Amino acid sequence: MIGNIEDQFRKILLNRIKIRNSREYLEILGLSNPDLLSSFIMQKRDELYLHAYYHTRYYNQVFQKIGLIKNGKVDHEKIPEIPILTKDIIRNNNQNLISDDSHKRKFFYNSSGGSTGEPIRLIQDDYYLKWRNATNNFYYQNILNVDEPMVKKVILWGSERDLFKGGIDFKTRLQNKLTNSVFLNSFKMTEEDISKNIQKINSFKPEILRGYAGSLFELCNYAEQKKISLYSPKIIVSAAENLSDRMRATIESNFGTKVFNFYGSREVSNLSGECEKGLLHSFQFWNYIEVLDNYNQKVKEGEEGKIIVTNLFNYSMPLIRFEIGDMAILGPETCSCGSVLPTLKKVTGRITDHFTLENGAIIHGEYFSHLFYLKDWVKSFQVIQEDYSLIRIKIVIKDKINLIDQADIEEKIKLVMGSNSIITWEIVKTIPKTQSGKYRYTKSLITR
């Protein structure tokens with residue numbers, strides 16, 4: 001009886017703070033066929049372009065140069081000529097990208113995670129937040145078929161900024177209580193921490209378990225090693241890091257639950273979410289995604305390219321055709337799950353997670369990761385491309401290096417990077433995560 005009263009009270013409060021049936025969420029639900037979706041995207045893009053043209057110095061100059069705006073209207077034929085927005089451009093034009101009317105909104109500062117070089121500083125606002133929350137709600141409610149705000153959740157997260165600085169404030173603690181959420185800090189994952197996290201998951205018995213791919217993977221490896229049974233939630237959502245096939249298999253086998261991959265970023269938030277059929281549905285009504293080749297031309301289905309994002313609802317600091325730094329394989333326009341949203345087959349990782357040859361060819365980062373799989377003497381590793389023919393391997397070992405395995409790994413690296421490649425090994429006690437708590441198994445220092 002007490003539980004029912006708590007649930008009713010929670011529903012009332014959740015509705016009041018607009019976590020559930022927001023106007024934005026209902027607007028997304030209205031995009032029930034591809035034509036409505038396409039019309040909505042075109043309208044929102046035009047509105048964003050016009051606002052950026054009239055209210056930011058950077059886009060006023062850029063759009064004038066290509067002739068995008070004519071007589072107060074957008075020339076759609078000129079849209080492909082909008083130059084790609086890079087992180088260096090944002091750093092060098094930060095103030096010129098901020099709208100001159102941003103003071104009229106409840107804006108706040110945000111920054112990228114900083115996993116590849118210097119973080120970038122961004123401005124976002126309440127309008128942006130409403131659409132971000134509505135998009136998140138849409139994914140869980142309409143693609144995963146779960147009432148996310150109401151069900152019990154454990155969130156295995158690791159942002160130093162979010163979890164360490166001053167702890168969690170009262171407002172956040174209240175919201176966590178209302179939404180049945182338990183946060184477990186995965187930034188620091190000693191064996192004692194992992195054991196405590198497992199105990200919490202097993203005792204709380206969440207319907208949803210959400211976390212970094214690397215943190216979930218590490219937890220499962222520990223449970224497997226210690227022969228600890230894990231509670232099986234209804235849904236596991238892997239986010240924030242690239243989910244490899246090996247990670248997925250390990251997590252699913254230990255929890256006995258299907259893993260759904262969710263793709264997002266600090267700069268523009270939710271980008272795509274996996275459905276039951278295994279495809280990642282792009283939230284085009286919120287972040288318009290293009291997948292382009294090295295010549296900035298659209299790739300075909302099944303081809304890989306860099307991800308370019310236009311957030312349709314950040315009017316305080318528009319990010320138009322922003323090169324986020326990730327690569328993906330383009331999926332089909334339609335999916336048998338019934339969603340009208342187009343798809344990505346797979347996000348293959350950050351551009352800097354892949355290695356580059358001097359002739360421009362790209363070697364996937366996962367090629368190097370696979371070389372260390374099933375090596376019992378390896379606790380953790382990181383492969384770094386310092387130059388075209390210089391590879392450094394940081395490695396944490398359990399006892400001593402297996403010389404046969406080491407020679408085999410070097411031979412296979414030289415097979416793709418060139419026979420003259422120099423490979424150095426560095427035995428370390430630990431491999432640090434990025435500032436935002438993520439693992440990077442491969443990293444290229446080549447400027448692209």
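List of remarks:
- In the range 407-444, residue most open to solvent (accessible area, probe 1.4 Å) [restricted to those that are under 21 Å from the mean Cα position of the chain (by Cα) and modelled with pLDDT of 85 or more]: Lys443
- Residue count for the range 359-415, restricted to those that are part of a loop (DSSP other than H, G, I, E, B) and among the aliphatic types (A, V, I, L, M): 4.
- Qualifying residues in the range 393-404 (those that are open to solvent by less than 60 Å² (accessible area, probe 1.4 Å) and within 33 Å of the chain's Cα centre (by Cα)) - the one farthest from Glu358 (Cα to Cα): Ile397
- Flag for Glu333 being farther than 26 Å from Leu37 by Cα, open to solvent by 40 Å² or more (accessible area, probe 1.4 Å), at pLDDT 85 or above and out of contact with any strand residue (DSSP E or B) (no Cβ under 6 Å at 6 or more places or on another chain): no
- Looking across the range 147-170 at every residue that is closer than 21 Å to Arg266 by Cβ, of a type outside the set (Ser, Thr, Tyr) and in a loop (DSSP other than H, G, I, E, B), the one that is modelled with the highest pLDDT is identified as Glu148.
- Residue within the range 48-56 that is of a type in the set (A, V, I, L, M, F, W, C) and closer than 20 Å to Glu267 by Cβ present: yes
- Some residue of the range 295-307 being out of contact with any Ser or Thr (no Cβ under 8 Å at 6 or more places or on another chain), under 18 Å from Val62 (Cα atoms) and either of a type outside the set (Val, Ile, Thr) or open to solvent by less than 20 Å² (accessible area, probe 1.4 Å) (or both): yes
- Yes/no for Ile320 being in contact with a strand residue (DSSP E or B) (Cβ under 6 Å, 6 or more places away or on another chain), assigned to a loop (DSSP other than H, G, I, E, B) and either hydrophobic (A, V, I, L, M, F, W, C) or free of Cβ contacts under 8 Å to residues at least 40 places away in the same chain (or both): yes
- Filter result for the condition that a residue is more than 21 Å from the chain's Cα centre (by Cα), open to solvent by 10 Å² or more (accessible area, probe 1.4 Å) and closer than 26 Å to Gly214 by Cα, over Tyr373, Tyr388: Tyr373
- From the options Tyr58, Tyr54, Tyr49, residue that is out of contact with any Cys (no Cβ under 6 Å at 6 or more places or on another chain), closer than 30 Å to Ser339 by Cβ and surrounded by 13 or more Cβ atoms within 10 Å (Cβ to Cβ): Tyr49
- Taking the range 240-291 as the range and being under 26 Å from Lys44 (Cβ atoms), small (Gly, Ala, Ser) and at pLDDT 95 or above as the test, the residues that pass are Ser272, Gly273, Ser282.
- Among residues of the range 400-423 that are without any contact (Cβ under 8 Å) to a residue 60 or more places away in the chain, those with a Cβ under 8 angstrom from a residue that is among the small types (Gly, Ala, Ser), sequence gap 6+ or separate chain, pair up as Ile413/Ser421; Lys414/Ser421; Asn420/Ser389; Ser421/Ser389; Ile422/Ser389.
- Unmet criterion (only one of (1) among the aromatic types (Phe, Trp, Tyr); (2) open to solvent by 50 Å² or more (accessible area, probe 1.4 Å); (3) farther than 23 Å from Ser282 by Cα) for Tyr127: (3)
- Pairs, first under 10 Å from Leu156 (Cβ atoms) in the range 196-208, second open to solvent by 10 Å² or more (accessible area, probe 1.4 Å) and small (Gly, Ala, Ser), C-beta under 8 Å, six or more apart: none
- Applying a threshold of 6 Å to beta carbon distances and a minimum spacing of six or more residues, or different chains, the list of pairs starting in the range 222-249 at a residue that is closer than 27 Å to Asp353 by Cβ and of a type in the set (A, V, I, L, M, F, W, C) and ending at one that is in a helix (DSSP H, G or I) and open to solvent by 10 Å² or more (accessible area, probe 1.4 Å) reads Ala223/Asn254; Met247/Phe217.
The values are calculated or read from the model by the stated rules, or taken from the named source; none is laboratory data. If you're wondering where the values come from, they're calculated on a predicted model, not measured in any experiment. Cβ: placed from backbone, ideal geometry, glycine included. Neighbour counts: every protein chain shown. Side chains are part of the model used for accessible areas, which takes the heavy atoms of the whole protein and leaves out ligands, DNA and RNA. Shrake-Rupley method; radii C 1.70, N 1.55, O 1.52, S 1.80 Å.
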